[in-house]
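Presented below is the structure to which this report refers.
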Amino acid sequence: MKLVNINKSYGSFQASKDISFKVPQGSLTALLGPSGSGKTTILRMIAGLEQPDSGDIIIGGKRVNDVPASQRGIGFVFQNYALFRYMTVFDNVAFGLKVQKKDKKYIRFRVMETLDLVGLSGLEKRYPSQLSGGQRQRIGIARALALEPRFVVCDEPVSALDVSIQSQILNLLSDLQKERKLTYLFISHDLSVVRHISNRVSVMFLGKLCEIGPTEDIYSAPKHPYTKFLLSSVPNPDPTKRKQDAELLMGEMPSPMNPPSGCRFRTRCPYADKLCAEKEPEEKIVDASGRKVYCHHPLS
């Protein structure tokens, strides 16, 4: 999957500006950033639930901007399950297949096979209200996988779950990725989860990309000042280290309705200078892994 110069605005609010990145086949790429940075908008455009104002969405080597969501071959796992409460488990999982007008025998085969895959065989006649949170999220995953996608987008799929259940769902997603050779694009605000499950990370701030690269490289040595601040927000038992990292962030959060000129992070960045106010940073490749940083003054 590849995005090329994607732009999306809602009135005067620019949710995504010149977004370009690839999600390698078989990888789990995570999108990081604060609320309002444009992460969910990106996922919704890829899935066909929103249309970009400009730019190209490439899936399987084909431009799919004008392809309906049901025909893109993408699975979508929502944050809040998004199940139809008056439908049985079977009908929830079968929903996408019915939209595609698949044969009834095929639908039953796919639903039962997928329920078995996520460990919910025998629950097909129940309703969402009769299931636990973990079971409901498994139904959401089963519904996505019933369409036999190769690419799955996950919008914070474990944030609504108890900590004791989160690891089960994450392990399930990981196991399914290996078994089905799936590719994931994953949003999570839990930085430790992202480090544990992802191969690559893309960091966003106010609708712009900050940094893209292998997860361990970024976590070990962030090159963008915002990435460094974001990762430093993970609780650290060393109070001295926490104080030093906290000094990186200055000022008030800029308004997404009226973002700063030049670099959108410059009003909070201790390294910002005149150039940062006058010109948007261009893409820079900073190491042998191909890591990309959008900053006039990448960290050494």
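A few comments on the model shown:
- Pairs meeting the criteria (first residue in the range 251-272 and without any contact (Cβ under 8 Å) to a residue 12 or more places away in the chain, second residue surrounded by fewer than 18 Cβ atoms within 10 Å (Cβ to Cβ) and in a loop (DSSP other than H, G, I, E, B), beta carbons under 6 Å, at least 6 apart or on different chains) are ARG266/PRO260.
- Selection within the range 111-142 - open to solvent by less than 30 Å² (accessible area, probe 1.4 Å) and assigned to a helix (DSSP H, G or I): VAL111, THR114, LEU115, PRO128, GLY133, GLY134, GLN137, ILE139, GLY140, ILE141, ALA142
- The one condition in (1) open to solvent by 10 Å² or more (accessible area, probe 1.4 Å); (2) in contact (Cβ under 8 Å) with a residue 24 or more places away in the chain; (3) among the β-branched types (Val, Ile, Thr) that VAL194 fails to fulfil: (1)
- When ARG85, ARG108 are screened for being open to solvent by 20 Å² or more (accessible area, probe 1.4 Å) and touching a residue at least 40 places away in the same chain (Cβ under 8 Å), only ARG85 passes.
- Among the candidates PRO157, PRO235, the residue that is in contact with a strand residue (DSSP E or B) (Cβ under 7 Å, 6 or more places away or on another chain), modelled with pLDDT under 90 and not charged (D, E, K, R) is uniquely PRO157.
- Subset tally (residues that are hydroxyl-bearing (Ser, Thr, Tyr), more than 27 Å from SER192 (Cβ to Cβ), open to solvent by 50 Å² or more (accessible area, probe 1.4 Å) and touching a residue at least 40 places away in the same chain (Cβ under 8 Å)) for the range 1-43: 1
- Considered as a group, the residues in the range 239-272 that are of a type in the set (Asp, Glu) and open to solvent by 70 Å² or more (accessible area, probe 1.4 Å) include one that is modelled with the highest pLDDT, and that residue is GLU252.
- Residues located in the range 143-166, provided they are polar (S, T, N, Q), open to solvent by less than 60 Å² (accessible area, probe 1.4 Å) and over 30 Å from ILE58 (Cα atoms): GLN166
- For the range 202-224, filtering for residues that are of a type in the set (Ser, Thr, Tyr) and in a strand (DSSP E or B) leaves 1.
The values are calculated or read from the model by the stated rules, or taken from the named source; none is laboratory data. It should be emphasised that the depicted structure is a prediction, and the values quoted were computed from it without experimental measurement. Positions of Cβ are generated from backbone atoms using ideal geometry, with glycine treated the same way; all protein chains shown enter the neighbour counts. Please note that ligands, DNA and RNA were not included when accessible areas were found on the heavy atoms of the full protein model with its side chains. Shrake-Rupley method; radii C 1.70, N 1.55, O 1.52, S 1.80 Å.
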